[in-house]
1. Give the Debye-formula value of log10 I(q)/I(0) at each listed q (0.22, 0.23, 0.25, 0.26 Å⁻¹), with one equal scatterer per alpha carbon of the stretch 111-199, two decimals each.
2. Set the Förster distance to 25 Å, then compute FRET efficiency between V56 and D82 from the Cβ-Cβ distance, nearest 0.05.
3. Placing one identical point scatterer on every Cα of the stretch 121-173 and ignoring solvent, what is log10 I(q)/I(0) from the Debye formula at q = 0.13, 0.28 Å⁻¹?
4. Assuming R0 = 22 Å, can you tell me the calculated FRET efficiency for the pair R74 and V141, based on Cβ-Cβ distance, to the nearest 0.05?
5. Once amide H atoms are placed 1.01 Å from N in the peptide plane, what residues at a sequence separation of 5 or more from Y151, or on another chain, have their amide H within under 5 Å of its amide H?
6. Short version: ³J(HN,Hα) in whole Hz for each residue of the stretch 139-145, in order, from phi by Karplus 6.51 cos²θ - 1.76 cosθ + 1.60 (θ = phi - 60°), x for Gly and Pro, what are they?
7. Starting from 0.36 nm per residue, how many nanometres of slack lie between Y193 and E163 once their C-alpha separation is accounted for?
8. Computed over the Cα atoms, what is the radius of gyration of the stretch 47-131 divided by 2.2 N^0.38 Å, N being its residue count?
Amino acid sequence: MEMVEEEAIIVEEEIAMESTEIISEIIEDAGSSIEEVEEEIEEVEKTVYEIPSSYVNPVSGNTVSYKGGKTIERSSKITYGDLGDINDLAEPDSDGFMKLNDRYLIAVGSRFDTAAGQYIDLVLENGVIIECIMGDAKADVDTDSTNTFTYKSSCCSEFIIDEASIRTDIYERGNASLKYESWDSPVVSVVVYDQYCEM
């Protein structure tokens, strides 16, 4: 009887060792997967553009303070080329902001050297990061000498909206910062990634 008990204990120990080895392999594999994902994230190149607190209006010549406004642009106006394709793929969220791949479509000036569908982050002074996609280009004639700010609205980013479903207060005031209280903060930097949405 003792022999059977000893054999049972040995079998249990072997099973426990095998289980430990399997668990170790799983943990090791998971660790490798995490490292691979981290490496992929790190491999995406990015360029960070600092946003100044003022700019010179090209018409008046006056220095204008940037207060942090983020304006809106109607998606129905964007129908040409790759930008039109990006806007066709996007869907409005519950407030009427056009989104694709969980990112907001925005228009930016040529300073940021972006292409249709390129990933962009807006970093706000309060630490909030708004994940975006380049959905339209601001015309140089409408921006300051650095092609950062739209001089008529004093903004460096215009959110693309669906006119049929945009929240009334945002549409009437033309101010995308009304979407969330946390968005009411100036953009201090724009991060442009060497990464694009699939079309």
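Values quoted throughout were computed directly from the atomic coordinates according to the rules given, and no laboratory measurement underlies them. Predicted model only: the values in this text are computed from it and were never measured. Methodologically, a virtual Cβ is constructed for each residue, glycine included, from the backbone with ideal geometry; neighbour enumeration extends over all protein chains shown.
1. The Cα Debye sum returns log10 ratios of -1.31, -1.38, -1.45, -1.46.
2. Details: r = 32 Å, r/R0 = 1.27.
Once the sixth-power term is evaluated, E becomes 0.20.
3. One equal scatterer on each Cα of the stretch 121-173 leads to -0.42, -1.15.
4. Values: r = 19 Å, r/R0 = 0.87.
Efficiency, rounded to the nearest 0.05: 0.70.
5. T143, D144
6. 6, 4, 5, 9, 10, 6, 5
7. Numbers: separation 30, 0.36 × 30 = 10.80 nm, distance 2.85 nm.
The span from Y193 to E163 would gain 8.0 nm if fully extended.
8. Values: Rg = 14.7 Å, N = 85, 2.2 N^0.38 = 11.9 Å.
That ratio works out to 1.24.
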